[in-house]
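Student: Okay, handing you the structure first.
The values are calculated or read from the model by the stated rules, or taken from the named source; none is laboratory data. What you see is a predicted model; the values in this text were computed from it and never measured. With ideal geometry, Cβ positions are generated from the backbone for all residues, glycine too; neighbour counts draw on all protein chains shown.
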Amino acid sequence: MRAVVAIRYGGPKVLQIVERPEPVVGPRDVLITVRAASLNPLDFKVRSGKAKLALPLPTPVALGCDVAGVVARVGAEVTRWKVGDEVFARLEKLRMGGLAELAVADEQVVAAKPRTISFEAAAAIPLAGLTSLQALRESAAMTSGQRVLIHAGAGGVGSLAIQIAKILGLHVLTTTSTKNIDFVRSLGADEVIDYTRETLDATPHDLDAVFDTLGAASELASIRATKRGGTVVGVGGLPDGAFARAWLPAWARPAVWMLTTRRRRAATRAGVRFVYLFMRPDGAQLAELAGWIDDKRLTPVIHRSYAFAEIHEAFAELERGRARGKIVVTISS
């Protein structure tokens, strides 16, 4: 089968489309003929080696974690799926390889593809949708009527997070550039902060929570904008102690502790809880998202779809960081 791999850790030039053996299907696994996959910032972080402490994948590294396609084979103990089912999934963290003609996943992380959308649109959902849902409903434990700021509302995660926040009954603020103000309002944003004209510090909000996809200085501004007792959920910056203990080798944990000193102190002074989210694949939650899609309450946003052979161009667009919604790769028709 054809698959996209990074032949070694590095920049875009290490990407190749190669012939690889078909994935081994375990007793509880589902083999999926991939129709479409989507790209996420995690993909170029894995390719570059920036994620290898948490995801120690051997080279050549198979890339891609969001897939939509058709079940081609099931393991002997699989009860939920059969050959021919149309499905989508966020592959398990140590089983990357969605940018390929075939991918394998545990049956528990797979869900039925939404009936009302294409494979390309379905592939745009898993990582971004699950990250948003888990950040808002679990990490921040938000309830209807509360106020949340979602950074980068026009992006792949933000464009879904705004819609999911509205489904959960939240009052949504978001940051974006001038050209995307109308777009994020169309997704449901109640208030918009144009980061090209104003800073978050100049706009007091007394927020219940912030979903921060940017990291670094943005996390500190998010903490300052959150009221005492509130929560900042980060996905784009450095991890917290809980993540380091669970995912990083022991020798790396002191460095994380030192590098996050300023953030921890800021959160303590403000009386704000900071949580680093490393989302988990979850087939049941994907099924919930699929239901919202089929009910016309949630709409995936595709920036552009690329052919499999255009994988270098797709990664270049992803790394420019200006996509409105998700970048999708069509694997087969």
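Student: Scan segment 237-259 for residues that are surrounded by 13 or more Cβ atoms within 10 Å (Cβ to Cβ) and either in contact with an Asp or Glu (Cβ under 6 Å, 6 or more places away or on another chain) or not in a helix (DSSP H, G or I) (or both) and jot them down.
Tutor: Passing the criteria: 237, 238, 239, 240, 248.
Student: Quick test for you: out of 215, 229, 271, pick the one residue that is closer than 18 Å to residue 153 by Cα and either without any contact (Cβ under 8 Å) to a residue 60 or more places away in the chain or not assigned by TED's automatic domain parsing to the domain that holds residue 168 (or both).
Tutor: 215
Student: Also: Being surrounded by 17 or more Cβ atoms within 10 Å (Cβ to Cβ), outside the structural domain of residue 240 (by TED's automatic domain parsing) and out of contact with any Gly (no Cβ under 7 Å at 6 or more places or on another chain) narrows it down to one residue among 99, 57; which is it?
Tutor: Testing whether each residue is surrounded by 17 or more Cβ atoms within 10 Å (Cβ to Cβ), outside the structural domain of residue 240 (by TED's automatic domain parsing) and out of contact with any Gly (no Cβ under 7 Å at 6 or more places or on another chain) leaves just 57.
Student: Same structure again: Is there any pair linking a residue in segment 6-32 that is touching a residue at least 60 places away in the same chain (Cβ under 8 Å) to one that is basic (Lys, Arg) and surrounded by 13 or more Cβ atoms within 10 Å (Cβ to Cβ), with Cβ under 6 Å and at least six apart or on different chains, and which?
Tutor: 17/2; 25/73; 31/73
Student: May I pose another question? Mind listing whichever residues of segment 142-185 are of a type in the set (Val, Ile, Thr) and in contact with a strand residue (DSSP E or B) (Cβ under 7 Å, 6 or more places away or on another chain)?
Tutor: The answer is 148, 150, 162, 172, 174, 175, 176, 178, 181, 184.
Every residue, every condition in (1) surrounded by fewer than 21 Cβ atoms within 10 Å (Cβ to Cβ); (2) part of a strand (DSSP E or B); (3) not β-branched (Val, Ile, Thr), yes or no:
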{"position": "300", "(1), (2), (3)": "no, no, yes"}
{"position": "305", "(1), (2), (3)": "yes, yes, yes"}
{"position": "315", "(1), (2), (3)": "no, no, yes"}
{"position": "323", "(1), (2), (3)": "yes, no, yes"}
{"position": "327", "(1), (2), (3)": "no, yes, no"}
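Student: Continuing with the same structure: Condition (residue is within 19 Å of residue 289 (Cα to Cα), surrounded by fewer than 21 Cβ atoms within 10 Å (Cβ to Cβ) and hydrophobic (A, V, I, L, M, F, W, C)) applied to segment 162-171: is it met by at least one residue? Even if it seems obvious, please write down each step before you answer.
Tutor: As a first pass, look at segment 162-171 and keep what is within 19 Å of residue 289 (Cα to Cα): 162-170.
If we keep only those that are surrounded by fewer than 21 Cβ atoms within 10 Å (Cβ to Cβ) too, we end up with 166-169.
This time we only want the ones that are hydrophobic (A, V, I, L, M, F, W, C), so: 167-168.
Yes - at least one qualifying residue is present in segment 162-171.
Student: Same structure again: Could you please find all residues in segment 150-177 being free of Cβ contacts under 8 Å to residues at least 24 places away in the same chain and either out of contact with any Asp or Glu (no Cβ under 9 Å at 6 or more places or on another chain) or within 16 Å of residue 325 (Cα to Cα) (or both)? Break it down stepwise before answering.
Tutor: Quick first cut of segment 150-177, residues free of Cβ contacts under 8 Å to residues at least 24 places away in the same chain only: 166, 177.
Hit for segment 150-177 is 177, nothing else.
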